[in-house]
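Scroll down for the structure; my scribbles are underneath it.
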Amino acid sequence: MVRIKLINALSYMGAVEATAKNPFVDVDDVATANAAVATGYFEIVSIDGNEEEAASEEVTTPAYGGKTLNEMTAAEIETYATYNNVSLKGLRSKAKMIAKLCEELGIDADTEVEYGSPTIVELQEE
């Protein structure tokens, strides 16, 4: 059992749910806890009731991305373009969006990219 605590927000609804009134959530497995921590809104408080183990536990957070442009959905491509300051205005097909991104950013459509919010990606790297 892993206990996590909501931080940096008044509430969160996702894989787990928490509010400022009830910020602690008990989850059954470390993978779920890691997913919640990866959002930037939670921290691990204890693992199986052991607070010291939680403090020393190296939590692995999944990086956003790990997909190629060809594997992304149109919504993911649009998000990636926005965070990289590339306008896709007027482009409706996924192929045209990918071509524009490849041209603007000088990347290949089969190269894995990180496409999450730059703030969250930076926090994960710290």
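The values are calculated or read from the model by the stated rules, or taken from the named source; none is laboratory data. Worth saying up front: this structure is predicted, and the values here are computed from it rather than measured. So basically every Cβ, Gly included, is an ideal-geometry build from the backbone, and we count neighbours across all protein chains shown.
Among the residues of the stretch 10-50, count how many are of a type in the set (Phe, Trp, Tyr) and in a loop (DSSP other than H, G, I, E, B). Break it down into steps so the answer makes sense when it comes.
First, pick out the residues of the stretch 10-50 that are of a type in the set (Phe, Trp, Tyr): 12, 24, 41-42.
Retained after the next criterion (residues that are in a loop (DSSP other than H, G, I, E, B)): 41.
Number of matching residues: 1.
Checked against the criterion of being charged (D, E, K, R), at pLDDT below 85 and not assigned by TED's automatic domain parsing to the domain that holds residue 8, the candidates 52, 76, 71, 104 yield just one match: 76. Which of the residues belonging to the stretch 87-113 are part of a loop (DSSP other than H, G, I, E, B), surrounded by fewer than 17 Cβ atoms within 10 Å (Cβ to Cβ) and of a type outside the set (Lys, Arg)? Within the stretch 87-113, 87, 90, 93, 106, 107, 108, 109, 110, 111 qualify.
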